[in-house]
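Reviewing the structure listed below.
The values are calculated or read from the model by the stated rules, or taken from the named source; none is laboratory data. Just so we're clear, the structure is a prediction, and the values are computed from it rather than from any experiment. A quick note on method: Cβ atoms are made from the backbone with ideal geometry, for glycine too, and the neighbour counts reach across all protein chains shown.
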């Protein structure tokens, strides 16, 4: 009887441990649910708010066809039939228009919802992005418009001609209205087109749904094979876009092109001591020379050796290029400006010497965007050589500074509504391959020469944005980037890290209003991650989430040492600095552990820091969901939370060298396990 009672108590303890464990696994598996809990508290008070006098009517997009009657209400909301509006949507939309009298047309953020009511896969949208709209209907499943604004194009010849496809008509309507508003400067704070920054539509789809190329092409909508739109959204505006391009092309000055109808693009390549790499780059350009575009290649050399200089001079005639040699310390901005000063073309293309062209129409595509009056810099998709790994699909201005998204992910997949497929307006593009009209380049005084190595391209893009231009990422143009052949990785040394921080400081000193702000990157997206994810940070991700060490007033617990406890330490260091002048605030230790052939939901873990100064500290850890560990250890029980993280305040540990060990305590018994690692944490004065 006594043994039975003990077994019952032990089973109850086990159940409690597992329930707590399973709850934490679920919590850490669904960041978006946590985001909702954190960011939608406004709904509780909003339901009590006095309703607006502005009237709103809802209309299905498929009903926007010939014979449609414009309603009398103030705001018309077009909605797809593949989901449902939030219960507060009409009230929120009315209030938004009341508070923003300049807004004539608006779209909303949205997400998905499964059959059990679980919301997932949010879509947080950018501010007005004209080139993105020309690529696909990025407004998604909801578009709102003032009825008085819609009437301005209603029935006007050559403006809006409705067809049998309602969703395409809504898209046409948006394009017509956007055109009627005229040029909208990128940096305007008074735009007539806006994103209602709340999740107001829930698309009905299961959580395991994977976005496909077809969905990306059709604005993330599912169509039956026999019910696809007559045209892709991008095709709907192709003729109009061609007219705009031809008009822009006709206005170009002819001085540099003499009597030729072919436009001249000056390709400027900074290079030093990389003749083989440089020749690969230039040969690939010449391989895909266009019959419709003239090019001149200008190589600026800041001091190659005599041998390498001679080698470059040998293929000047072979590739019909111009070569300027001037020994000086490396300064990318100066070299680019030197090339631009010698350029004869109406368009400048800045290209790293470690680039490799891969397609015939690359210049045509980039020029198509660069010649548009509202466009500043134009970038291309860059992949790592002989692979489909992404190196660049545009620059986003994150909380930690400018960064590449989707870095080293496989381009065969479609990410976040075609961020690696469609043409997107971005805050910046990389100067590894950047085209800009020469007049616009001179308008912002070219590259800032104070930025010798990093952020000079971002500074140029910021300056163009501040002049009202939109910077465009053309993901239909793909080049290989043999990255780091030219100057190496900025993060390999402390000296390079400090230089990077200094140049970032210069960037935001010149553009203070853009620090932490990116109009083409929704504020609800993560500001610290390379994926497009909602901006929710678990405790293990928060750099200011510290645990306090406690002095261990006992001997090292060697009697508990057991090889069943397995530990892998991945990080043990002083935290990196993110801003110039910031002193690292603490130590970061991270890794994963498990107890072999045991139920790991039972164990609480602490780190022990065994010092060479006779000090021992005990430090609690923050558990982390590690799906990779589950894949590595398929036969081990409950290892989802095998990951652990701890950040220790810098002043809480005495100077010394500490060996990292772990103590694992079974919550269902008196068992304690101990294991020392070979990893050490060095704490300086």
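Looking at segment 154-168, is at least one residue without any contact (Cβ under 8 Å) to a residue 40 or more places away in the chain and at positive phi? It would help to see each step written out before you state the result.
Here is the first cut: in segment 154-168, the ones without any contact (Cβ under 8 Å) to a residue 40 or more places away in the chain are 155-161.
Next cut, at positive phi only: 155, 158.
Yes, because at least one residue in segment 154-168 is without any contact (Cβ under 8 Å) to a residue 40 or more places away in the chain and at positive phi.
Restricting to segment 324-338, and then to whatever is surrounded by fewer than 16 Cβ atoms within 10 Å (Cβ to Cβ) and touching a strand residue (DSSP E or B) at 6+ places or on another chain (Cβ under 8 Å), can you tell me which residue is nearest to residue 366 (Cα to Cα)? Give the steps one after another, and end with the answer.
Initial filter on segment 324-338 (surrounded by fewer than 16 Cβ atoms within 10 Å (Cβ to Cβ)): 324-330.
Remaining after also requiring touching a strand residue (DSSP E or B) at 6+ places or on another chain (Cβ under 8 Å): 324-326.
Numbers: 324: 26, 325: 28, 326: 30 Å.
Among those that are surrounded by fewer than 16 Cβ atoms within 10 Å (Cβ to Cβ) and touching a strand residue (DSSP E or B) at 6+ places or on another chain (Cβ under 8 Å), it is 324.
Looking at (1) in contact with a strand residue (DSSP E or B) (Cβ under 7 Å, 6 or more places away or on another chain); (2) part of a strand (DSSP E or B); (3) under 18 Å from residue 589 (Cα atoms), can you tell me which one residue 629 breaks?
(2)
Give 574, 607, 663 a once-over and let me know the one that is in contact with a strand residue (DSSP E or B) (Cβ under 9 Å, 6 or more places away or on another chain) and surrounded by fewer than 18 Cβ atoms within 10 Å (Cβ to Cβ). Even if it seems obvious, please write down each step before you answer.
Working: 607 fails: surrounded by fewer than 18 Cβ atoms within 10 Å (Cβ to Cβ); 663 fails: surrounded by fewer than 18 Cβ atoms within 10 Å (Cβ to Cβ).
Only one candidate qualifies: 574.
So which residues in segment 386-420 are closer than 25 Å to residue 367 by Cβ and surrounded by fewer than 20 Cβ atoms within 10 Å (Cβ to Cβ)?
Hit for segment 386-420 is 404, nothing else.
If we only count helices (runs of 4 or more DSSP H) wholly inside segment 63-157, which ones have 3 or more residues that are touching a helix residue (DSSP H, G or I) at 6+ places or on another chain (Cβ under 8 Å) and within 29 Å of residue 468 (Cα to Cα)? Let's see the steps before the verdict.
Details: elements: 89-99, 130-135, 147-150.
Answer list for segment 63-157: 130-135.
If we keep just the residues of segment 45-62 that are out of contact with any helix residue (DSSP H, G or I) (no Cβ under 6 Å at 6 or more places or on another chain) and part of a helix (DSSP H, G or I), which is nearest to residue 103 (Cα to Cα)?
Applying the filter and picking the extreme gives 46.
For a quick check of your reading: which strands (runs of 3 or more DSSP E) sit entirely within segment 270-387 and have at least 1 residues that are over 30 Å from residue 134 (Cβ atoms), modelled with pLDDT of 95 or more and assigned by TED's automatic domain parsing to the domain that holds residue 465?
On the way: elements: 293-301, 321-325, 347-351, 355-357, 375-383.
Those strands (runs of 3 or more DSSP E) span 293-301, 321-325.
Identify the residue in segment 479-496 that is over 16 Å from residue 274 (Cα atoms) and out of contact with any strand residue (DSSP E or B) (no Cβ under 9 Å at 6 or more places or on another chain) and, among all such residues, is modelled with the lowest pLDDT.
Within segment 479-496, the first condition is being over 16 Å from residue 274 (Cα atoms), and the residues that meet it are 479-480, 489-496.
Filter again for out of contact with any strand residue (DSSP E or B) (no Cβ under 9 Å at 6 or more places or on another chain), leaving 489-496.
Values: 489: 51, 490: 48, 491: 51, 492: 57, 493: 72, 494: 74, 495: 80, 496: 80.
Checked segment 479-496; the qualifying residue modelled with the lowest pLDDT is 490.
Can you tell which of 620, 628, 612, 652 is surrounded by fewer than 16 Cβ atoms within 10 Å (Cβ to Cβ), outside the structural domain of residue 26 (by TED's automatic domain parsing), over 27 Å from residue 12 (Cα atoms) and within 37 Å of the chain's Cα centre (by Cα)? Before you say what the answer is, go through the steps one by one.
Working: 620 fails: over 27 Å from residue 12 (Cα atoms); 612 fails: within 37 Å of the chain's Cα centre (by Cα); 652 fails: surrounded by fewer than 16 Cβ atoms within 10 Å (Cβ to Cβ).
After applying the criteria, what remains is 628.
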